[in-house]
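I have placed the structure first, in the form of structure tokens, so that the comments after it can refer back to it.
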Amino acid sequence: MEIPYTVEPRPDTGLYNAKVGIWLFLASEVMLFGALFSSYIMLRVGSLSWPHGLLNVPIGTVNTVVLITSSITVVLAWASLKLHNFSRFKLYQGCTILLAMTFVMIKSYEYHDKFTHYYVRMVDGTEHTGHVEGSPMNLSLAKLTNPKHPVTSITFHADAPAAEHGATAHAAHGEAMVIETSKISKLESFGPWHSTYLAIYFTLTGLHALHVIGGALVMAFFWGPGSKMWKSEPERFTNRVEVSGLFWHFVDLVWIFLFPVLYLL
């Protein structure tokens, strides 16, 4: 039995079924991210202070360029199918998948840096930010003072001037300090638990990263085993690629908003 409107447009909408479906799905996605962005605005407007300088702007800029480039390659992949050039489609689709993987790897590097980047408050009230030697993840004062494996001191490499991170004192950039655990009142990595800002950052960018991974998996399927449809139903396969491209453009558009809101403002 032939499924209607997989190639020819519906008379009521002028679109084939898959395109109608993706636009409805993207409408729900707009509501999801719209709610999260609205929450961010309300929390920031209601905050007396907001941290700055916690994110790596150059790396965020590189990731922005990566996603914008992937938007170009995904269009070129679809256009290649419209021109009946399957080999060129494979090239551009493969480039899109590689760019998506590059974005996720860069974002993973950023996440790792946050989980190995620490805020230290001393008993005397001074504060420092930086990295503990060996770059341990999710280190805490409770772990250091565990009676079974107590740690008497840590070697701490100071960050940029602590004033940028809202701290009151700092060592020279990159200077190694040996800090006794008995003099530490708080030790915490820059994970989502550190502040409202970082909770928002990880929520928004984490959800976006899941969309990137999901979109990349779909495109990888069309690049690999799903491409067999090109031989039997080329127009339907082209429509499928177009629909995946529409989703990818939405993912890119969300990042275009995330980058300035989280990294620059």
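The values are calculated or read from the model by the stated rules, or taken from the named source; none is laboratory data. Just so it is clear, the structure is predicted and the values come from calculations on it, not from any experiment. With ideal geometry, Cβ positions are generated from the backbone for all residues, glycine too; neighbour counts draw on all protein chains shown.
Taken over the stretch 177-217, the criterion of being aliphatic (A, V, I, L, M) and either surrounded by 17 or more Cβ atoms within 10 Å (Cβ to Cβ) or not in a helix (DSSP H, G or I) (or both) is satisfied by Met177, Val178, Ile179, Ile184, Leu187, Leu198, Ile200, Leu204, Ala209, Val212, Ala216.
Scanning the stretch 211-238 for residues that are in contact (Cβ under 8 Å) with a residue 60 or more places away in the chain, within 28 Å of the chain's Cα centre (by Cα) and over 28 Å from Leu54 (Cα atoms) yields Gly215, Ala216, Met219, Ala220, Phe222, Trp223. How about the stretch 153-197: which of its residues are more than 11 Å from Met122 (Cα to Cα), among the aliphatic types (A, V, I, L, M) and at pLDDT 85 or above? Of everything in the stretch 153-197, those that are more than 11 Å from Met122 (Cα to Cα), among the aliphatic types (A, V, I, L, M) and at pLDDT 85 or above turn out to be Ile154, Val178. Only a single item in (1) exposed (fewer than 15 other Cβ atoms within 10 Å of the Cβ); (2) within 21 Å of the chain's Cα centre (by Cα) is not met by Thr102, and it is number (1).
Here Ile22 meets each of (1) surrounded by fewer than 14 Cβ atoms within 10 Å (Cβ to Cβ); (2) more than 21 Å from the chain's Cα centre (by Cα) with one exception, condition (1). Here is a check on your reading of the model: is Gly130 at pLDDT below 95, crowded, with 18+ Cβ neighbours inside 10 Å and not aromatic (Phe, Trp, Tyr)? Answer is yes for this residue.
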